[in-house]
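The values are calculated or read from the model by the stated rules, or taken from the named source; none is laboratory data. None of the values given here were measured: they were computed from a predicted structure. Cβ sites come from the backbone with ideal geometry, for glycine too, and all protein chains shown count toward neighbours. We work out accessible area using only protein heavy atoms, side chains counted, and drop any ligands, DNA or RNA first. Shrake-Rupley method; radii C 1.70, N 1.55, O 1.52, S 1.80 Å.
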Amino acid sequence: MAVTVLSATVWATTPKTEQATAALPLTQTKANTNFTVIGQWWTPSDVANWPVIYLDLTTGNQSLSNGGQITLSSFVNATIRANAGFEIRTVMADMSAVSASDWSAANVVTSLEKNEWYEFDLSTISILPIQPITVMVGNSSGALYALTLNSFNDIQQKIVNGQIQMKTDLNIEYKVL
């Protein structure tokens with residue numbers, strides 16, 4: 001009798017298994033990457049010859065040698081241009097809302113610089129990104145990346161041989177489209 005009661009109790013408390021009738025919906029978003037571009041020291045009196053930084057969004061590497069998809073040059077390396085074989089376009093939208101399908105309607109630009117994707121306030125020595133602008137980077141195949149300028153960090157100036165030099169680091173965020 002005790003065995004019968006015990007087996008009846010175990011059977012009554014054993015969880016029932018339900019059959020799955022439909023797949024659960026899955027959602028995914030592509031991860032964004034924050035990247036700090038280490039700026040180069042140069043003099044504001046020779047903006048046109050500021051050392052160029054080449055940025056490879058595939059590897060997340062920066063270099064002073066030709067390579068990657070975009071270049072950063074001019075005043076505190078704040079002017080963005082497409083490197084050879086690529087182009088840049090802009091969308092006035094938060095990067096989280098931008099997808100590869102926005103490429104064909106995006107505004108084609110040669111470069112973005114002061115008063116286009118950042119502002120420089122001489123009175124406070126502040127460099128501020130203009131929001132919400134998203135830069136799309138692509139090639140003949142279409143959109144490859146979206147990026148946005150988050151901030152300028154570590155703004156410095158010094159005197160070298162009697163001449164003022166400046167440097168700042170750019171913090172960008174980008175994602176693969």
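Backbone geometry of region 150-163 corresponds, through the Karplus equation with coefficients 6.51, -1.76 and 1.60 at θ = phi - 60°, to 3J(HN,Hα) couplings of 8, 6, 10, 10, 6, 6, 9, 9, 8, 9, 10, 6, x, 10 Hz, x marking Gly and Pro. Shape class of region 100-177 from the alpha-carbon gyration tensor: prolate, with a/c at 1.5 or above and a/b greater than b/c.
Ordering 46-52, 130-136 by mean Cβ neighbour count within 10 Å, with the highest value first, yields 130-136, 46-52. Relative contact order of region 43-148, please, whole-number percent, based on alpha carbon pairs below 8 angstrom and at least 6 residues apart. Taking the mean separation of contacting Cα pairs over the length of region 43-148, I get 22 percent. The residue list Leu122, Gly85, Asn161 was ranked by how far each Cα lies along the charge dipole of region 25-177 toward its positive end, using unit charges on Cβ atoms, and Gly85 comes out on top. Here r is the Cβ-Cβ distance between Thr124 and Ser99 and R0 is 45 Å; the resulting FRET efficiency, rounded to 0.05, is 0.80. Solvent exposure of region 20-177, expressed per residue, is 53 Å² of accessible area, with all protein chains present and a 1.4 angstrom probe. The charge dipole of region 47-177, taken about its Cα centre with unit charges on the Cβ atoms of Lys, Arg (+1), Asp and Glu (-1) only, comes to about 240 debye.
Potential lengthening of the chain between Glu113 and Ala84 amounts to 8.6 nm, from the contour at 0.36 nm per residue minus the alpha-carbon distance. Taking a straight line from the alpha carbon of Lys167, these aspartates and glutamates sit under 18 Å away, with near neighbours fewer than eight places off in the same chain left out: Asp46, Glu113, Glu119, Asp121, Asp154. Can you send over the carbon and sulfur percentage of the accessible area for region 99-177, probe radius 1.4 Å, protein chains only? Its accessible area is 47 percent carbon and sulfur atoms. The modelled label-to-label distance for the pair Ser140/Asn161, using points 7 Å beyond Cα in the direction of Cβ, is 4.4 nm. Coupling constants for region 84-95 follow from the phi torsions by the Karplus curve (6.51 cos²θ - 1.76 cosθ + 1.60, θ = phi - 60°), and in residue order they are 3, x, 10, 9, 10, 9, 10, 9, 8, 7, 4, 4 Hz; glycine and proline get x. Annotation: amide H-H contacts under 5 Å for Leu57 (H modelled 1.01 Å from N, sequence separation of 5 or more, or interchain): Gln69, Ile70.
Scalar couplings 3J(HN,Hα) for region 50-66, obtained by applying the Karplus form with A = 6.51, B = -1.76, C = 1.60 to θ = phi - 60°, are 4, x, 7, 10, 9, 10, 9, 6, 6, 9, x, 9, 10, 7, 9, 9, 4 Hz; x denotes Gly and Pro.
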